[in-house]
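Reading through the structure tokens given below for one structure.
The values are calculated or read from the model by the stated rules, or taken from the named source; none is laboratory data. Note that this is a predicted model, so its numbers are computed, not measured. With ideal geometry, Cβ positions are generated from the backbone for all residues, glycine too; neighbour counts draw on all protein chains shown. Heads up: the accessible areas ignore ligands, DNA and RNA and are worked out on the full protein's heavy atoms, side chains in. Shrake-Rupley method; radii C 1.70, N 1.55, O 1.52, S 1.80 Å.
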Amino acid sequence: LLRCARQALAEVKTVRPGSAAFLRGPLRARFEGRRSAIAFVQEAAREGRILAWYQPKVRLDSRRIVGYEALARIRAADGTICGPEVWGAALDDVDCARLVDGNVLDAVLADLKRDAARLMRVGVNFSEASLRGMDFAEQILALIEARGLSPALIELEVVETVLLGQRSEVLARGFARLRAQGMRIALDDFGTGFASLSHLRDLPIDRIKLDKSFVMGLAGDHRNAPILRA
């Protein structure tokens, strides 16, 4: 009962401040879906079924693979592989987001230990939940060092929303610490959220990853071409 009341309160604060809501209909369905997704992720973490699924990065001029991005995937109990479209609602939970980030990083480091020559540099996504701590950079470096690997093998990918709020200075110091050890920093889904050009000026960002809506619509919308060119 208290959990449902808290969820209804959170919804009201976000959507209709100063009003009231019952946890029923679509609101209850979203709540139940989120709770189910959290349980799914927690069980997968306990059983070691959170995986790093590698997507190649290809240079278009030479068509050479120059690295990979590690995507979070979960092997369901029936053996099928599923992505965030199934369990993504769980990532709104801080503990679940950290579980996914930690398990994917562990899997990537294990794979790099076995086959760094083939994987080259691997992009790994980190959520806001994992970057909240003042010492997030030291924690990441300690995990890499424990495997006997170089930080240069990792590209840290963060989304625009991580840069909002009052923690930009903390993030900048952490990113600078990581870059000093050879790690690259990439800004993901750029152009559709709230990132500012000032973030590119003030933060140690090596790479921006434009949101796919600009690329997929390149042939159909002439307005995308000058944005991509710039």
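The table for this structure:
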| quantity | calculated |
| --- | --- |
| Candidate values (1) 1.36; (2) 3.64; (3) 1.12, label of the one derived for Cα Rg over 2.2 N^0.38 Å | (3) |
| Angle in degrees between helix 2-15 and the longest Cα principal axis of the chain, rounded to the nearest 10 | 70 degrees |
| 17 Å Cα-Cα reach of residue 212 towards lysines, excluding residues that sit fewer than 8 places from it in its own chain | 57 |
| About the Cα centre, charge dipole magnitude for region 106-186 (Lys/Arg +1, Asp/Glu -1 at Cβ), debye | 220 debye |
| Cα centre as origin, Lys/Arg/Asp/Glu Cβ charges: the chain dipole, Debye | 220 debye |
| Within a Gaussian network of the chain (alpha carbon springs, distance under 10 Å), most fluctuating of 25, 88, 174 | 25 |
| Using alpha-carbon coordinates, inclination of helix 94-119 to the longest axis of the chain, degrees | 20 degrees |
| Percentage relative contact order, the chain, counting C-alpha pairs under 8 Å, at least six apart | 13 percent |
| Dipole magnitude of region 34-150 about its Cα centre (Cβ charges: Lys, Arg +1; Asp, Glu -1), debye to nearest 20 | 520 debye |
| Accessible area of region 141-191 belonging to carbon and sulfur atoms, whole % at 1.4 Å probe | 50 percent |
| Angle in degrees between helix 26-46 and the longest Cα principal axis of the chain, rounded to the nearest 10 | 50 degrees |
| Accessible surface of region 1-121, 1.4 Å probe, proportion on carbon and sulfur as whole % | 54 percent |
| Solvent-accessible area per residue for region 93-230 (1.4 angstrom probe, square angstrom) | 54 Å² |
| Whole-number percent relative contact order across region 140-230, with pairs defined as alpha carbons under 8 Å at least 6 apart | 26 percent |
| Relative contact order, percent, region 64-185 [alpha-carbon distance under 8 Å, six or more residues apart] | 26 percent |
| Selection from 45, 217, 144, by position along the positive dipole direction of the chain (Cβ) | 217 |
